[in-house]
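See below for the structure under consideration.
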Amino acid sequence: MELPEIVDAAKWRAARLELLAKEKELDRHRDAVNAARRELPMVEVDKPYVFDGPDGPVGLADLFRGRRQLLVYHFMFEPDWTEGCPSCSYTIDNVGHQAHLHARGTTLAVVSRAPLDRLEAYRKRMGWDVDWYSSGRSDFNLDFGVTFDASSGHVEYNYRDMSGDPAWQGWTGEQPGASAFLTEGGQIFHTYSTYGRGTDLLVGTYNWLDLTALGRQEEWERPPGRSDSAAMAWLHRHDQYPAGT
């Protein structure tokens, strides 16, 4: 494995200051992108979606739990699966204490197509405290681009592979994603959605690993020579890692 060059403290500090300038530039660019996201137009959602929740069937408005904003994580869990997607499980493992979202008038909900009893069993197994709903009786997943077939057109503009280019032409199935909604005057509006690597920022573990010399240790990363696997090939559900890791 290729490791960083060994230098004295003065050379390290010079290199660190050079990187700091790039980090500040990235912060400014990220602030600008976030501002542009907040300025996106929004679309009213008036379709009567039905979700199955712990207290019975509910509509999209109920997912807000009385708050003004709603974030939905589109969790890959197809109706015939017995376990949730490992990478989506990784994302939910990284959800922090939701009191901080609630303090800003925002609710987080997880939505999948699998039956509610299967979602509840998996949620308990994973030890998660999240609101999880089944969208299996509605077109919600299809309409928001996370369940599709080759003719749906969603995949052509939704999925980003490791190089950032469109991928998976002709793919049928599901992809992970996140969507944001806002209520105003009794109406619901869709303000934003992102898919694939667009959810990277939601995974705190990745951001911690990005601070290290070895990074995520996946073969797409640069500089080369510090990886031991393809993208996410190392990832397991948190209760399925080999002993000793």
Listed by first then second residue, the pairs whose first member lies in segment 43-61 and is within 14 Å of residue 179 (Cβ to Cβ) and aliphatic (A, V, I, L, M), whose partner is at pLDDT 95 or above and part of a loop (DSSP other than H, G, I, E, B), with beta carbons under 6 Å and at least 6 positions apart or on separate chains, are 60/49
Taking segment 179-236 and keeping residues among the β-branched types (Val, Ile, Thr) and in a helix (DSSP H, G or I) leaves 199, 205
Log entry, pairs with first residue in segment 218-243 being free of Cβ contacts under 8 Å to residues at least 60 places away in the same chain, second being among the acidic types (Asp, Glu) and in a loop (DSSP other than H, G, I, E, B), beta carbons closer than 8 Å, six or more apart or on different chains, reads 227/219; 227/221; 229/219; 230/219; 234/228
Taking segment 140-178 and keeping residues modelled with pLDDT of 80 or more, among the β-branched types (Val, Ile, Thr) and assigned to a loop (DSSP other than H, G, I, E, B) leaves 146
- Task: For residue 139, indicate whether it is under 24 Å from residue 64 (Cβ atoms) and in contact with a Lys or Arg (Cβ under 8 Å, 6 or more places away or on another chain).
- Result: yes
Going through (1) assigned by TED's automatic domain parsing to the domain that holds residue 97; (2) at pLDDT 90 or above one by one, residue 212 fails only at (1)
Residues in segment 64-92 that are over 14 Å from residue 119 (Cβ atoms) and assigned to a helix (DSSP H, G or I) total 4
Here the residues within segment 63-83 that are at pLDDT 95 or above, closer than 19 Å to residue 109 by Cβ and surrounded by fewer than 17 Cβ atoms within 10 Å (Cβ to Cβ) are 65, 66, 67, 68, 69
Residue count, segment 190-245, condition among the charged types (D, E, K, R) and over 26 Å from residue 122 (Cα atoms), comes to 8
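The values are calculated or read from the model by the stated rules, or taken from the named source; none is laboratory data. Computed from a predicted structure; not experimentally measured. Glycine gets a Cβ as well: all are built from the backbone with ideal geometry, and neighbour counts include every protein chain shown.
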